[in-house]
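Engineer: First the structure, which I've put down as structure tokens, then a few questions once you've had a look.
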Amino acid sequence: MALITCNYYSEVLGLSTSLTAILPQQTLTQIGMSNKSSGTKHKTLYLLHGLSDDHTIWLRRTSVERYVAELGIAVIMPQVHRSFYSDMVHGGAYWSFLTEELPAIARSFFPLSAAREDNFVAGLSMGGYGAFKWALSNPECFAAAGSLSGVLDIVKYSKENVDDAKKRTLELVFGDEPLAGTTHDLLHLLDTTSGNGQSKPALYQCCGTEDYLYDHNASFRVACADKPDYCLTYEEGPGDHNWAYWDQQIQSFLKWLKLS
């Protein structure tokens, strides 16, 4: 695999930012690794970070580079700060950056496939929210999406278990706007996109039973069960809101994708 940290300018954000990319490389003599590459435009996983993290965190806390080596898939990990993958009321236009600029600029830098069947998105916590928000809002872009301990009920999250720092973050992102029934509300997105005739990405959702977001994940799972055009794979088991759980579950997600 090739590991690249890319510093570049974002026209949408109006500032310099960074992403980390893992690119497939076919190797025959590398000890302890079996790397695979198609030699053409790569299938791509956009892998999103959580609230307190950045574009380097998946590499620093998991062995994701090793996990994808045999799959021949590229991984793009962007930096979005504490934006909740949204166009902030007081801050950057991170939703526009994520959904419009990032894929285009990543494909201009690297040989990545633009085909829907070759693209996937996943994330943890805030990144799980971003992944499902992107997949539900733009189903034409992805074959599958994954949420690991995601903030999947943003309305409930905004009212419960929110300390002063998180409250300030939500105010900067969403302002005073009620979140229920908006495009920020994943449960509302499920209601408004179900039955519209569009092909839906397959969804993978997991959450630890000791996680403080467990009830929030249950809300999404129940809501999705009423939507026959959404195919949701749900997994739960012992685990908290931490990297021991996410390191395990990103492996489960990659196996679920059935890329090998």
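Engineer: Out of all the residues in the range 142-171, which are out of contact with any Leu (no Cβ under 8 Å at 6 or more places or on another chain) and within 24 Å of E235 (Cβ to Cβ)? Give the steps one after another, and end with the answer.
Structural biologist: Our first condition is that a residue be out of contact with any Leu (no Cβ under 8 Å at 6 or more places or on another chain); within the range 142-171, this holds for 142-143, 156, 159-161, 163-165, 167-168, 170-171.
Passing the criteria: F142, A143, K156, E160, N161.
Engineer: For the range 126-159, how many residues meet the condition of being outside any helix (DSSP H, G or I) and farther than 21 Å from V89 by Cα?
Structural biologist: The initial filter retains those residues of the range 126-159 that are outside any helix (DSSP H, G or I), namely 138, 142-153.
From what's left, farther than 21 Å from V89 by Cα: 138, 142-150.
Summing the residues that are outside any helix (DSSP H, G or I) and farther than 21 Å from V89 by Cα in the range 126-159 gives 10.
Engineer: Condition first: over 20 Å from the mean Cα position of the chain (by Cα) and not acidic (D, E). Now tell me which residues in the range 6-23 satisfy that. Full working, then the answer.
Structural biologist: First, pick out the residues of the range 6-23 that are over 20 Å from the mean Cα position of the chain (by Cα): 7-9, 11, 14-16.
Result: N7, Y8, Y9, G14, L15, S16.
Engineer: Out of all the residues in the range 64-88, which are in contact with an Asp or Glu (Cβ under 9 Å, 6 or more places away or on another chain), more than 13 Å from I22 (Cβ to Cβ) and touching a residue at least 60 places away in the same chain (Cβ under 8 Å)?
Structural biologist: Listed by number, the list holds a single entry, Q79.
Engineer: Let me ask something else. Any residue that is at pLDDT below 95 and of a type in the set (S, T, Y) - is there at least one of those in the range 158-165? Break it down stepwise before answering.
Structural biologist: First, the residues of the range 158-165 that are at pLDDT below 95: 158-165.
Next, from what is left, pick out any that are of a type in the set (S, T, Y): 158.
Yes.
Engineer: How do the pairs read when you match residues in the range 89-105 that are closer than 15 Å to Y9 by Cβ with residues anywhere that are of a type in the set (F, W, Y) and buried (at least 17 other Cβ atoms within 10 Å of the Cβ), using Cβ under 8 Å and keeping only pairs 6 or more apart or on different chains?
Structural biologist: Note: pairs meeting the criteria are L102/Y46.
Engineer: Please list, ordered by residue number, the helices (runs of 4 or more DSSP H) wholly in the range 164-255 having 3 or more residues that are touching a strand residue (DSSP E or B) at 6+ places or on another chain (Cβ under 7 Å) and surrounded by 15 or more Cβ atoms within 10 Å (Cβ to Cβ). Reasoning before the result, please.
Structural biologist: Working: elements: 164-174, 186-193, 214-225.
It comes to 214-225.
Engineer: Among the candidates V68, V80, which residue alone is within 12 Å of the chain's Cα centre (by Cα) and β-branched (V, I, T)?
Structural biologist: Working: V68 fails: within 12 Å of the chain's Cα centre (by Cα).
Exactly one residue qualifies, and that residue is V80.
Engineer: Return the only residue of S113, S125, S158 being small (G, A, S), touching a helix residue (DSSP H, G or I) at 6+ places or on another chain (Cβ under 9 Å) and within 21 Å of K200 (Cα to Cα).
Structural biologist: On the way: S125 fails: within 21 Å of K200 (Cα to Cα); S158 fails: within 21 Å of K200 (Cα to Cα).
None of the others qualify; the one that does is S113.
Engineer: Another question, then. Going by the conditions given, is L152 surrounded by 24 or more Cβ atoms within 10 Å (Cβ to Cβ) and at pLDDT 95 or above? Working first, answer last.
Structural biologist: Numbers: surrounded by 24 or more Cβ atoms within 10 Å (Cβ to Cβ): yes; at pLDDT 95 or above: yes.
Yes, satisfied.
The values are calculated or read from the model by the stated rules, or taken from the named source; none is laboratory data. The structure displayed is predicted, hence computed values, not measured ones. Note that we place each Cβ from the backbone using ideal geometry, even for glycine, and neighbour counts take in every protein chain shown.
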